[in-house]
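Below you'll find the structure, written out as structure tokens, and then a few comments.
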Amino acid sequence: MEDTVVFQAGNIHISRTAVRIGEVSYPTNSIRNVFIVAPQPLGWIAAALLALLAAIGLFGVPHFEGVASLVLLAGAGLFGVAFVLPYRLMFNTDGNETQALTSRDRDFLADIKKAIEIAVTMPV
């Protein structure tokens, strides 16, 4: 019987019998669950740094002026990094292996997740 290709893009190949990401292949029937993990937000850290900056400014302590600049830069940096953190597509296999594929494109990972779920439910 011919293998049915469900999804193919670049080095990702998902078929009725196997999921291949790069050089690594997994039997489709060994995959137990597939899920997408969102990036952890760093907003609370940036908010804490900005609160520290406000406290330093509020009390007007002169010898903390250099620290205030560093705190402002760190807060701005964390705020910027929060927008480039990748999503992760995770799946677990029978052998308790956990694999991840990372991308900033959540829709792309959602397409791969859907393709794996379809391939897993296809009759062999």
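Quick one: Cα centre-to-centre distance for the range 97-114 and the range 5-23, in angstrom?
12
Each residue of the range 94-111 in order: what ³J(HN,Hα) in whole Hz does its phi give by Karplus 6.51 cos²θ - 1.76 cosθ + 1.60, θ = phi - 60°, with x for Gly and Pro?
Going residue by residue, I get 4, x, 6, 7, 10, 10, 9, 10, 10, 6, 7, 8, 5, 5, 4, 5, 5, 5 Hz, with x marking Gly and Pro.
Compute the length gained on full extension between Thr121 and Thr93: take 0.36 nm times their separation in residues and subtract their Cα-Cα distance, giving the result in nm to one decimal.
Length difference between fully extended and current span is 8.6 nm.
Go through the range 113-119 residue by residue and turn each phi into a ³J(HN,Hα) via Karplus (6.51, -1.76, 1.60, θ = phi - 60°); whole Hz please, and just put x for glycine and proline.
Once θ is set to phi - 60°, the couplings for the range 113-119 become 4, 4, 5, 5, 4, 5, 4 Hz.
Kindly state, to the nearest 0.05, the FRET efficiency for Leu85 paired with Glu2, given R0 = 41 Å and r defined as their beta-carbon distance.
My answer for the efficiency is 0.55.
Here, each number is a calculation from the coordinates, and none is a lab measurement. Since the model is a prediction, treat every value here as computed from it, not as a measurement. Note that each Cβ is placed from the backbone with ideal geometry, even for glycine, and that neighbours are counted across all protein chains shown.
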